[in-house]
Amino acid sequence: MDIEKYITSGILELYVAGTLSEQENLEVVALAAEHPEIKKEIESIEASILALSKATSPKRSANKGFNDIQNRIQNATKVIPITKKDTNWSSYLGWAAAIILAVGFDYMYKQNNALKSEINIASQNNELLEQQIEDANSSLEKSQELLTTIRDKDIQVVALGGQAVSPTSYAKAYWNKREQKVFIDAQGLPEPPDGMVYQVWSLKLDPLTPTSMGLLEGFITDENKVFALANPNASEAFGITLEPAGGSKSPNLEQLYTLGAVSS
């Protein structure tokens, strides 16, 4: 048991103030008997309350009180019985208990706020962990889907070589005609500049007819740089251009990064 934490919890002040339940009082008494530090703290609290009560109690000069009584006796036409008024200790103890309770409640309020803060931090950490797990699962599913596609006997692999604007760039297209789906492995492309995005095109060569297959969104943050796109087209070639964010209706051939023909 953390004795210091128990002493600073405020429960001993409530015990001295007499606001605990019978069961709680018994627990405090038992702990005080077992731990001298707790007993000493209780005695210290009781002494503080007594000192506070004495410091705030009204004082009267003894001589003035005697003279006042003597004058009353001499000047009175009839004897007035004089009774000594008991000090209202319960009133002082009540104020002292109120002060102690205020201190205790302030401590518990701060502890409660600290606990809420810890709970919020734990909740945020859990949400982050759940997102990481979700991302990992998504990445795993994507990898498994890619492996399944690559291993399919009907898959057609199209190598896309670098063009004039970026000769060192390269990519691969894994085309499953039956499922009308293409996986673009864009690991060989440089990161696009701000405000720009890669766009993939299905091409008919005679005459040259480009059809947009989609954008490689989230290129920078995608770890494996593999993107799944639908392709219901009778493609004869695939090309990747760099376009303004949001994509273009027709490809900017001056920004053609990779190009590859589908083998017949």
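The values are calculated or read from the model by the stated rules, or taken from the named source; none is laboratory data. Since the model is a prediction, treat every value here as computed from it, not as a measurement. Quick reminder, even Gly has a Cβ in these numbers, built from the backbone with ideal geometry, and neighbours come from all protein chains shown. Only protein heavy atoms, including side chains, enter the accessible area calculation; ligands, DNA and RNA are left aside. Shrake-Rupley method; radii C 1.70, N 1.55, O 1.52, S 1.80 Å.
At a glance:
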read-out	value
Answer from Glu243, Glu223, Glu179 - the residue that is of a type in the set (Asp, Glu) and farther than 20 Å from Gln144 by Cβ	Glu243
Filter result for Leu208 (open to solvent by 50 Å² or more (accessible area, probe 1.4 Å), modelled with pLDDT under 95 and within 17 Å of Gly162 (Cβ to Cβ))	no
In region 221-264, residue most open to solvent (accessible area, probe 1.4 Å) [restricted to those that are without any contact (Cβ under 8 Å) to a residue 40 or more places away in the chain and part of a loop (DSSP other than H, G, I, E, B)]	Lys249
Condition check for Asp152: at pLDDT below 90, open to solvent by 20 Å² or more (accessible area, probe 1.4 Å) and charged (D, E, K, R)	yes
Among residues of region 1-29, those that are surrounded by 14 or more Cβ atoms within 10 Å (Cβ to Cβ), polar (S, T, N, Q) and in a helix (DSSP H, G or I), counted	1
Extreme residue, farthest from Gln163 (Cα to Cα), among residues of region 231-250 that are aliphatic (A, V, I, L, M) and more than 38 Å from the chain's Cα centre (by Cα)	Ala234
Positions within region 31-45 being open to solvent by 100 Å² or more (accessible area, probe 1.4 Å) and either touching a residue at least 60 places away in the same chain (Cβ under 8 Å) or of a type in the set (Asp, Glu) (or both), in sequence order	Glu34
